[in-house]
Each structure stands twice: as structure tokens, then as C-alpha cells.
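Okay, so here's the structure we're looking at.
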Amino acid sequence: MATSNLKNSKDEKKLKGVEIPLNSDKETIENAIRYQFKYSVIGYVLATVFIMFGVFLLLFGILSPINNISIKLLGLNITVNNATPGIILFFIGSLIIFITKFSVKVKK
């Protein structure tokens, strides 16, 4: 049981962002913040493209359904039946925003 709890906490830390020890030098902290910011901006731009293209497909009536998609990611099992491409792209864009959100923590 203890190993599964540790494994779950490691998976959660992957989604929470960067954690830096307090005794790190200033340059390391600045680099971590800088690169995490760049990662987040790239994620937001990519997600915006996915969301806008999904909305475009929905507004202009591209309705050819996609049948039976099953996604397994980080312990989640998502099954989509009969969804339009616009909704799927919108969902993927929202997921990218959630995964790439900016978070840097300095641990004491």
C-alpha cells in the first residue's frame, strides 16, 4: 500500500509543476521560473489553436461523427461515443491548458 501511495503522489507532482528546494541558488530558481513560464506559454498557445479550430468546426457544421474513442491517460479512462471533431479538439485544448498551467513552488 505504501508504494502505491508514493506512486500516486509522484503522478500528482507531475501535474503540479516545478518544485525547487529553498537552499537552491538564485540562478537555478530564476531558470526554473523562466523555463516553466515558456512551457506554459507554449501550452496556452497550442491549446488556443486547438480550441479555436474546434469552435470553428462546430460553428461551420463539420459534423461527421467520430465513433468509439478510448483514451487512457494518468490512470483516467475516457471513452467518447459519437462525438464531432470540434468537440474532441475543444476537449484536447482544455486538457492541454490544465496540464501546462504555470506553477513553481519553492519548498522550505
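The values are calculated or read from the model by the stated rules, or taken from the named source; none is laboratory data. Worth saying up front: this structure is predicted, and the values here are computed from it rather than measured. No Cβ is skipped: glycine too gets one built from the backbone with ideal geometry, and neighbour counts run over all protein chains shown.
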Checklist outcome for this item: So, first residue more than 12 Å from PRO85 (Cβ to Cβ) in the stretch 49-61, second residue crowded, with 19+ Cβ neighbours inside 10 Å, Cβ within less than 7 Å, six or more apart or across chains; the pairs are ILE51/PHE90; ILE51/GLY93
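For (1) at pLDDT 70 or above; (2) exposed (fewer than 12 other Cβ atoms within 10 Å of the Cβ); (3) more than 17 Å from THR100 (Cβ to Cβ), each residue gets a yes or a no:
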{"position": "GLU12", "(1), (2), (3)": "no, yes, no"}
{"position": "ASN31", "(1), (2), (3)": "yes, no, yes"}
{"position": "GLY43", "(1), (2), (3)": "yes, no, no"}
{"position": "THR48", "(1), (2), (3)": "yes, no, no"}
Checklist outcome for this item: Being surrounded by 15 or more Cβ atoms within 10 Å (Cβ to Cβ), assigned to a helix (DSSP H, G or I) and not polar (S, T, N, Q) narrows PHE37, PHE53 down to just PHE53
Next on the checklist: Filter the stretch 68-89 down to the residues that are surrounded by 12 or more Cβ atoms within 10 Å (Cβ to Cβ) and under 30 Å from GLU19 (Cα atoms) and list them by number.
Outcome noted: ILE71
Checklist entry - Does the stretch 56-67 hold any residues that are loosely packed, with under 12 Cβ neighbours inside 10 Å and at pLDDT 75 or above, and which are they? => result LEU59, PHE60
Next on the checklist: Would you confirm whether or not the stretch 41-49 contains a residue that is under 30 Å from PRO21 (Cα atoms) and not in a helix (DSSP H, G or I)?
Outcome noted: no
Checklist entry - Is there a residue being in contact with a strand residue (DSSP E or B) (Cβ under 8 Å, 6 or more places away or on another chain) and not aromatic (Phe, Trp, Tyr) anywhere in the stretch 34-46? => result yes
Checklist entry - Which pairs do you get when a residue that is over 30 Å from LYS26 (Cβ atoms), found in the stretch 84-108, comes within reach of a residue that is β-branched (Val, Ile, Thr) and assigned to a loop (DSSP other than H, G, I, E, B), reach meaning Cβ atoms under 8 angstrom, with the pair 6+ apart or on two chains? => result THR84/ILE62; PRO85/ILE62; GLY86/ILE62
